[in-house]
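The values are calculated or read from the model by the stated rules, or taken from the named source; none is laboratory data. Just so we're clear, the structure is a prediction, and the values are computed from it rather than from any experiment. No Cβ is skipped: glycine too gets one built from the backbone with ideal geometry, and neighbour counts run over all protein chains shown. Calculation scope for accessible area: heavy atoms of the full protein, side chains included, ligands and nucleic acids excluded. Shrake-Rupley method; radii C 1.70, N 1.55, O 1.52, S 1.80 Å.
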Amino acid sequence: MDAELPGSAALSLVSKVLPLDPEAAVFTAMLSGWADQQRARMCQPPTVQARASVVRRFAEFTGAYPWQWRADDADAFFSKLLSGSEPKANSTVRGYQNALRLFCDFVTDARYGWASLCAERFGEAPSQILHEWNTASHVDEFEGRPGRRPLSYDEIQELFDAADGLVDQARRRHRKGALSALRDSTLLKTVYAYGLRRQEVVGLDLVDLRSNPKLPSYGRFGGVFVRFGKASRGSSPKRRTVLTVPEMDWIVEALESYLEEVRPCFRPGRHPALWVTERCGRLSRRSANEAFTAARDAVGLPQELDLHSLRHSYVTHLTEFDYPEKFVQDQVGHSYASTTSIYSHVSDEYRNRLLREALTKRGIAVEEDQP
């Protein structure tokens, strides 16, 4: 055992102290040591907390401690998650399996000393209970629910009309909420116009609005600087600048109206956030989701569609506007083109146009569509 290794038993347990409940004390120290090990690997606090939550949930399900776990315990746990009226998504279950596998790797690693400590104190040592025959492999590029898809141009327009309609509805009823509805309507349009993730849009500050020297007519709305992009492998949030494209230049007027007429009514003072609440705080991710849900339900769009569907729509529509693949990839902040491709679901009309152009180049006559 390396007594100086972050997360080791020697550093996580208080020596010469006899706890009243030794099993619970060792399990708590294991989780604390695992957290130290992950932080040493630069894992972010939300990731560390989420993984620990999975381990605690599994321990509660089994009613046993890690040195008592067996492979059939894992089989029963994940079978329950995948059954019932609301089974967990495959990607969620795979994430749980990964967290539990990592924990078992940690407590069975001889360098940390947990296996030998458990064998000495309890007569049993922890083992790796997750193997290739009882875990799911990540073989599909896209693991989202089949119902999630891009919105068509007509659906986008209907969604935005519904969001604007909620503003008029609040005004007619002379109730509070008209300002919030105006903010939410602009937020939804911003998500689509720049293809942003939920965390990215709520994390925007006023200083993140950027001008584009190539398009001075857009003023300070030539793009947005994303500082809270999706992190990977324990890294810091990725950053990128998303440019305003001409096909989405209507967002310039929408943002300008919001900043000049709507945001000041919240009396935000010196708060840096672009989207603020009635209590002068930053808008939450949950509130962003609720803004989409309210507009979606008002227009009667499918329940499977969510806020992230607007990002899928952005990728699809940029592709149909004939932007190069690399440009689309950079706009949405994907490291690999293959990731961008699974977001794109181009329409039949677009594919038929490409087919007609290819046939025309080869000198093959193409029958035009009848009016």
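Here is how the numbers come out for the structure above:
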{"quantity": "Filtered residues of the range 79-94 (kept if free of Cβ contacts under 8 Å to residues at least 24 places away in the same chain and in a helix (DSSP H, G or I))", "calculated": "Ser79, Lys80, Leu81, Thr92"}
{"quantity": "Qualifying residue in the range 197-218 (condition: out of contact with any Ser or Thr (no Cβ under 7 Å at 6 or more places or on another chain), within 22 Å of Leu301 (Cα to Cα) and not aromatic (Phe, Trp, Tyr))", "calculated": "yes"}
{"quantity": "Residue in the range 203-210 that is buried (at least 20 other Cβ atoms within 10 Å of the Cβ), under 26 Å from Arg39 (Cβ atoms) and touching a residue at least 24 places away in the same chain (Cβ under 8 Å) present", "calculated": "yes"}
{"quantity": "Among the residues listed as Ala298, Ala288, the single one being part of a helix (DSSP H, G or I), open to solvent by less than 30 Å² (accessible area, probe 1.4 Å), at pLDDT 90 or above and at negative phi", "calculated": "Ala288"}
{"quantity": "Unique match (being modelled with pLDDT of 65 or more and either farther than 12 Å from Arg149 by Cα or among the aromatic types (Phe, Trp, Tyr) (or both)) among Thr316, Thr360", "calculated": "Thr360"}
{"quantity": "Test: residue in the range 132-147 that is open to solvent by less than 60 Å² (accessible area, probe 1.4 Å) and either modelled with pLDDT of 85 or more or closer than 18 Å to Ala298 by Cα (or both)", "calculated": "no"}
{"quantity": "Residue among Gln303, Gln331 that is closer than 27 Å to Arg149 by Cβ and open to solvent by 20 Å² or more (accessible area, probe 1.4 Å)", "calculated": "Gln303"}
{"quantity": "Residue among Thr62, Thr92, Thr28, Thr47 that is under 17 Å from Glu124 (Cβ atoms) and either open to solvent by 70 Å² or more (accessible area, probe 1.4 Å) or hydroxyl-bearing (Ser, Thr, Tyr) (or both)", "calculated": "Thr62"}
{"quantity": "For Leu166: the one exception among (1) in a loop (DSSP other than H, G, I, E, B); (2) more than 24 Å from Thr316 (Cβ to Cβ)", "calculated": "(1)"}
